[in-house]
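Below is one structure, written out as structure tokens, with a few remarks after it.
FYI, it's all coordinate maths here, none of it is from the lab. In this text, all values refer to a predicted model and were calculated from it rather than measured experimentally. Cβ placement follows ideal geometry from the backbone for every residue including glycine, while neighbour counts extend to all protein chains displayed.
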Amino acid sequence: MSLTSDPPIGPPVDPPAEPPIGPPTAKADGPGADHEALTVVPVRHPWRWAAIAATAVLLAQFLNGLITNPGWEWGVFARFFTAPTILQAVWLTLQLTLYGTAIGFALGVVLAFARLSASRFLRTAAYGYIWAFRSIPLIVQLLFWFNLAYLYEELTFGIPFGPGFFAFDTMNLVGATSAAVLGLALHQAAYAAEIVRGGVLAVDHGQLEAAAALGIPRLRQLRRIVLPQAMRSILPNAANEIISLFKGTSIVSVMAIGELFYQVQVVYGRNGRVVPLLMVATVWYVLLTTALSVLQHYVERHYAKGAVR
């Protein structure tokens with residue numbers, strides 16, 4: 001007996017066609033068109049080029065006016081730009097900025113963590129400070145500190161609501177420069193506190209829970225986990241505040257302090273050269289602000305290590 005297989009049921013199946021030999025041919029346009037054979041036309045932006053041309057013309061006109069307009073008096077500008085009185089005023093402006101920033105952010109960090117505290121009393125006290133110093137204009141705060149001797153002739157230290165041990169005469173305790181530093185620092189602290197608090201809140205709370213589960217002390221959590229990540233959110237806003245404080249030091253001119261803007265006013269009040277002296281102050285502000293911006297860039301790049309952008 002021989003075993004035979006039954007023939008397949010259904011129509012015969014043709015063998016697969018052999019692929020064509022040779023380079024592929026371009027097809028007509030349509031869903032199956034060969035994209036390599038299509039002509040790519042770049043998108044045209046006529047309004048963009050028109051805006052670029054208009055901006056370039058305006059910039060060229062402005063630069064031409066700076067160079068050719070005799071009203072700018074660049075000779076007077078060059079004579080006073082590095083004058084000893086101006087350089088001393090620039091140094092005083094930098095000192096006010098440095099002291100105001102250091103004291104303001106040191107106090108701001110304390111206020112920020114007081115607002116994040118579990119104690120309702122500390123949260124309320126910190127919020128009250130921030131509310132008060134953000135509500136009162138800076139010039140009013142400066143004038144209050146400048147006239148501290150009028151409000152309090154002396155400050156006594158001793159038992160609260162009891163006898164005092166020693167006292168200070170406020171007339172000689174707080175001078176004009178000290179009042180300016182105190183006003184700028186206390187005003188800056190209110191804004192620095194909110195900047196620091198926002199940066200701390202930006203850190204994922206799950207990381208703190210994981211650190212606590214591993215038994216890492218709270219201080220080390222703050223130093224190693226919270227602050228390095230919070231600095232990425234704190235730095236841009238903090239740099240803006242420092243630059244604003246640097247330019248805002250001009251407001252202490254109401255207290256006859258010889259910072260940059262006040263000294264420029266004194267000079268052009270004597271010689272009547274208002275525009276070139278204002279340009280002296282403007283260029284100094286631009287140069288120092290640029291230096292602060294460059295420093296901000298490198299500090300941000302340092303704290304951005306390991307961040308995914």
If you fit an axis through the alpha-carbon atoms of helix 46-68 and take the longest principal axis of the Cα set of the chain, what angle between them do you get, 0 to 90°, nearest 10? 30
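With +1 on the Cβ of every Lys and Arg and -1 on the Cβ of every Asp and Glu, and nothing else charged, how large is the dipole of the chain about its Cα centre, in debye rounded to the nearest 20? Could the numbers behind the result be given before it?
Numbers: 20 positive and 16 negative charges, 197 e Å.
The dipole magnitude comes to about 940 debye.
For a Förster distance of 30 Å, can you work out the FRET efficiency between the beta-carbons of L116 and L151, rounded to the nearest 0.05? Write out the running numbers ahead of the final one.
On the way: r = 33 Å, r/R0 = 1.10.
Calculated transfer efficiency: 0.35.
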For region 127-141 versus region 39-118, the gap between their alpha-carbon centres in whole angstrom: 27
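Assigning unit charges at the beta carbon (Lys, Arg +1; Asp, Glu -1) and nothing else, what dipole magnitude in debye, to the nearest 20, does region 127-261 show about its Cα centre?
Details: 8 positive and 8 negative charges, 127 e Å.
Around 620 debye, computed over region 127-261.
Return a whole-number percent for the relative contact order of region 134-284, with Cα pairs under 8 Å and 6 or more residues apart as the contact set. Walk me through the numbers before you get to the answer.
Working: 117 pairs, mean separation 30.9, N = 151.
Averaging sequence separation for qualifying contacts and normalising by length gives 20 percent for region 134-284.
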In nm, give the distance between the simple-model label positions of H45 and E209, each being 7 Å from the Cα along the Cα-to-Cβ direction. 4.5
Beyond 24 Å, what share of the Cα-Cα pairs of region 156-309 is found? Please give it as a whole percent. 58
With Cα atoms, 0 to 90° folded angle of helix 84-115 axis to the chain main axis: 70
Extension reserve of the S293-N64 stretch, reckoned as 0.36 nm per residue once the Cα distance is removed: 79.7 nm
If you project the alpha carbons of region 215-296 onto their three principal axes, what span does each projection cover, largest first, in Å? 69, 26, 12
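Quick one: grab the alpha carbon gyration tensor of the chain, order the square roots of its eigenvalues as a ≥ b ≥ c, and give me rounded if a/c is under 1.5, else prolate or oblate depending on whether a/b is larger than b/c. Please list the in-between numbers first.
Values: a/c = 4.58, a/b = 1.66, b/c = 2.75.
Note, shape of the chain comes out oblate.
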Enter the angle in degrees (range 0 to 90, nearest 10) between the Cα long axis of helix 274-303 and the first principal axis of the Cα atoms of the chain, meaning the one along which they spread out most. 50
Under 5 Å from the placed amide H of R273, counting only residues 5+ away or on other chains, we find none
Could you tell me which of rounded, prolate or oblate describes region 73-191, using a ≥ b ≥ c as the square roots of the eigenvalues of the alpha-carbon gyration tensor, with rounded for a/c under 1.5 and, failing that, prolate when a/b is larger than b/c and oblate otherwise? oblate
